[in-house]
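Worksheet for the structure shown next.
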Amino acid sequence: MALTAPTFSVVTADTVTGILAADLAAAKDLVAAVYRQAVAGGIVNPPSLFLRPDAGRPERFIALPAALAEPSRAVGLKWIGSFPGNLDGGLPRASAVIVLNDPVTGYPVACLEGAVISATRTALSAVVGAEALVGRPGVVDRLGVVGAGVIARRTVAALSACGWRLGEVRVFDLRAEQAARLAGEVTATGVGARMVTSAGEAVAGADLVLVATTATTPWFDDPALTRPGVTVLHLSLRDVTAGAMAACDHVVDDPTHAAREGTSLELALRAGLDRGAVQPVGALLSGAAARNPERAVIYSPFGLGSLDVALAHHVLTRAREQGLTIDVPGFFGASVTEPAVEIVLDRPADMAERAR
């Protein structure tokens, strides 16, 4: 059977945003489905590859490859850069692309703006984890937010969009303008929210805590994190100290992935945390495990490339259905369809003949 090179498409951030916002429930269900597949061994999700151009500095790139057979066959790679200094210049910390490949030929078929997909999958993974731990949809008397950047804003918005009822929200960020912005966005939805001046004040009395900072080493050990029954969404992965981690149960997307690259979980395990206290979220979603309501639980989703690839495939499918892709004719050039040109190397005798 003859094969032809596929059409290569580009999908912009505006298109990605519109498609995901139009049916956030479908995207959330897709995230939950991938988690179930992960715990059942139904995905290929190698460890993320970290590239740090300058040792000792926070700037980094991460490559996240993945392949899935269900719920749709998809193969691809997210390439994301994290440059915290961008925030001081008015740019987002993270930028990314996702490349999808044709599972039959291996050819790249699309390049999608990846930062929106990445932030959305992080927010939805938080919602899916929270629903597995608290209930669906959840009722929260007080939400404490530490770190009010893009991830926190998208997560709070996703909780609201997915039917969560929030009684009160307290927000802290070292950048007061960020905290004020998130508090204002929440207030505009009819929920009481206010900016506070410390992380401890944000989480005091909270039954749900969201931590989403740019910290690279653990620093946060407030007793509110270990209060029986509290649920902590530890999206930034490196804030909570080993001591606080030891007093809690733990849920992750993948136990191996989550315990590497200096995460709080990795450091806590090195300090003696029982690995039996760590459960994959897919086990809770499938009913194979359940939380202990008498214990504090910290949910630390490291971020599976399979989520990015699955959501990118979903977005690409919808974009093509709606005629929203930017197709690039001839991207692979004529050489992929023309017969190969045979190159014959000169034999020594031929070279000698021409030299006469």
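Please go through the stretch 25-38 and give me each residue that is among the aliphatic types (A, V, I, L, M) and either open to solvent by 40 Å² or more (accessible area, probe 1.4 Å) or not in a helix (DSSP H, G or I) (or both), ordered by number.
ALA25
Any residue that is at pLDDT below 95 and of a type in the set (Ser, Thr, Tyr) - is there at least one of those in the stretch 192-212?
No, the stretch 192-212 contains no residue that is at pLDDT below 95 and of a type in the set (Ser, Thr, Tyr).
Which of the residues that make up the stretch 102-135 are farther than 30 Å from GLY333 by Cβ and either of a type in the set (D, E, K, R) or free of Cβ contacts under 8 Å to residues at least 60 places away in the same chain (or both)?
Listed by number, the residues that qualify are ALA119, ARG121, ALA123, GLU131, GLY135.
Only one of SER95, SER48, SER82 is polar (S, T, N, Q) and within 24 Å of GLY18 (Cβ to Cβ); which?
Just one listed residue meets the conditions, SER95.
Scanning the stretch 96-139 for residues that are charged (D, E, K, R) and open to solvent by less than 30 Å² (accessible area, probe 1.4 Å), which turns out nearest to LYS78 (Cα to Cα)?
If we take residues in the stretch 96-139 being charged (D, E, K, R) and open to solvent by less than 30 Å² (accessible area, probe 1.4 Å), then ARG121 is nearest to LYS78 (Cα to Cα).
Are any of the residues in the stretch 288-306 assigned to a helix (DSSP H, G or I), farther than 28 Å from GLU70 by Cα and not hydroxyl-bearing (Ser, Thr, Tyr)?
no
Select from the stretch 216-262 the residues that are touching a Cys at 6+ places or on another chain (Cβ under 8 Å) and open to solvent by less than 40 Å² (accessible area, probe 1.4 Å) and list them in ascending order.
Correct list: LEU225, VAL232.
Scan the stretch 53-94 for residues that are charged (D, E, K, R), free of Cβ contacts under 8 Å to residues at least 24 places away in the same chain and under 17 Å from PHE302 (Cβ atoms) and jot them down.
ARG60
Can you go through ARG142, ARG154, ARG93 and tell me which one is within 13 Å of the chain's Cα centre (by Cα) and either of a type in the set (S, T, N, Q) or open to solvent by 20 Å² or more (accessible area, probe 1.4 Å) (or both)?
Step by step, each of ARG142, ARG154, ARG93 is checked, and only ARG154 is within 13 Å of the chain's Cα centre (by Cα) and either of a type in the set (S, T, N, Q) or open to solvent by 20 Å² or more (accessible area, probe 1.4 Å) (or both).
State yes or no: is PHE172 farther than 27 Å from ALA38 by Cβ, open to solvent by less than 50 Å² (accessible area, probe 1.4 Å), touching a residue at least 40 places away in the same chain (Cβ under 8 Å) and touching a Ser or Thr at 6+ places or on another chain (Cβ under 8 Å)?
no
Does any residue in the stretch 204-222 that is at positive phi come within less than 7 Å, Cβ to Cβ, of a residue that is surrounded by fewer than 16 Cβ atoms within 10 Å (Cβ to Cβ) and of a type in the set (A, V, I, L, M) six or more places away or on a different chain, and which pairs are these?
Every condition considered, no pair remains.
The values are calculated or read from the model by the stated rules, or taken from the named source; none is laboratory data. Keep in mind it's a predicted model, so treat the numbers as computed, not measured. Positions of Cβ are generated from backbone atoms using ideal geometry, with glycine treated the same way; all protein chains shown enter the neighbour counts. Calculation scope for accessible area: heavy atoms of the full protein, side chains included, ligands and nucleic acids excluded. Shrake-Rupley method; radii C 1.70, N 1.55, O 1.52, S 1.80 Å.
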